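Working notes, structure below.
Computed from the coordinates by the stated procedures, all read-outs in this text should not be read as laboratory data. Everything quoted here is computed from the prediction, not taken from an experiment. Note that we place each Cβ from the backbone using ideal geometry, even for glycine, and neighbour counts take in every protein chain shown.
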Amino acid sequence: MGGDDHTRILVPVGESSTLRNAVAYAVRVAQDDATERGVSATVHFVYPAAWRAVEPTRAAKFEQAQEVLERVEVWADEDAESDGAPVEVETAVVGADEYLFSPGDFARVLESYARDHGLDRVVVDPEYQPGGNAPMLRPLEFELRQRGLDVEEAPVERPTRRSRLVGRESLSQYVTVFGVSFLFYLTLGGWSIELFELVTGAISAGIVTAVLSKIALKGPPQFTRIPGQLGRFAIYVVYLLWEIAKANVAIAYVVLHPKLPINPSLERFEAAVWGDLPATTLANSITLTPGTLTVDVSDREFVIHALTDDSRSDLFDGGLERAVRFVFYGRQAARIPSPRERNEEVSET
């Protein structure tokens, strides 16, 4: 484990209810193995960045990650104070400059760190959720094993999950979905304020809220960002209409050309957008632009049907992708390299 002359273990960490016990288990395993073989031991606690490089709150999230690692280091030092072999502790934040979505993305940066530091064994926290939304432990384990790493789950007791129907964090989500649904109902009814319309509208909005609140919004709405996004969206609509007009002219030329110069193909690229609404906006914008059609979207991987060489070239130039990032994430996000430039960077590495 970790070489003949040293015990080295990698532990991905993040906020979880079983993190403390997972840290203790990893330290104990490293210490027992080092004592048995008469070698030294090092445990690497690594925090994969689940935030994006252009998020407005990235600085605060980085500080939170550092706080978690500092807490983990204190725990590990406490657990290592025994008659066994000494255990060194290393901590790091990885993937802060990348776009981590799927378990494969997290496994890739963890594997890279493991290879750079000579690690081949991984201990995972059973409650570890790298994306922060849905448990991804099993697929993450699978991805790590596919990369040749020895992976085991820390045998810690998982707490019983009890959740309230409406908590403080989700109250704003319920209120927002209810308000939007109620206003939409009144709009369809011609803004009637009769008692029957108000009651049936409230009932309908309540049903929609109960069923779809967690789907419609992934987290509490950030009202302070909405005005800026709406203003940028107005600019985006003008840009999108211009792109649609240009594409219509280009496709009309192709259709009227005697030789019909088309070259259809399916193209795949990983879009630098995250979140359901930005991804949906980009997918629909691509479809609305003649010459390209969004066939499938999985995580951030887009499958696009391109009719001509020019439409394919425009797709990888990333104009629409850059504009969508501008709408949802601001001017800084628009500077991210295009799909073509990102592919070139990967090829060079």
Worksheet item: If you take the beta carbon distance between Arg335 and Ser313 as r and set R0 to 30 Å, what does 1/(1 + (r/R0)^6) give as a FRET efficiency, to the nearest 0.05?
Response: 0.90
Worksheet item: If amide H atoms are built 1.01 Å from N in the plane of the peptide, which residues on other chains or at least 5 residues away come under 5 Å of the amide H of Asp150?
Response: Arg121, Val122
Practice prompt. Fewest Cβ neighbours within 10 Å first, please rank Trp274, Trp191 accordingly.
Written response: Trp191, Trp274
Discussion item. Can you compute the modelled spin-label distance between Ser40 and Thr287, with each label point 7 Å from Cα toward Cβ, in nm?
Written reply: 5.9
Worksheet entry | From phi via Karplus (6.51, -1.76, 1.60), per-residue ³J(HN,Hα) for region 71-81 in Hz, x at Gly/Pro | 5, 4, 5, 5, 4, 4, 5, 5, 5, 7, 7
Response to the item:
Counted neighbours (other Cβ, 10 Å), sorted fewest up, put Phe45, Phe328, Phe184 in the order Phe184, Phe328, Phe45
Practice prompt. Calculate, in nm to one decimal, what Leu188 and Glu73 gain on full extension: separation in residues at 0.36 nm each, minus their alpha carbon distance.
Written response: 35.7 nm
Fill in: Virtual spin-label span in nm between Arg145 and Leu241, 7 Å along Cα→Cβ
5.5
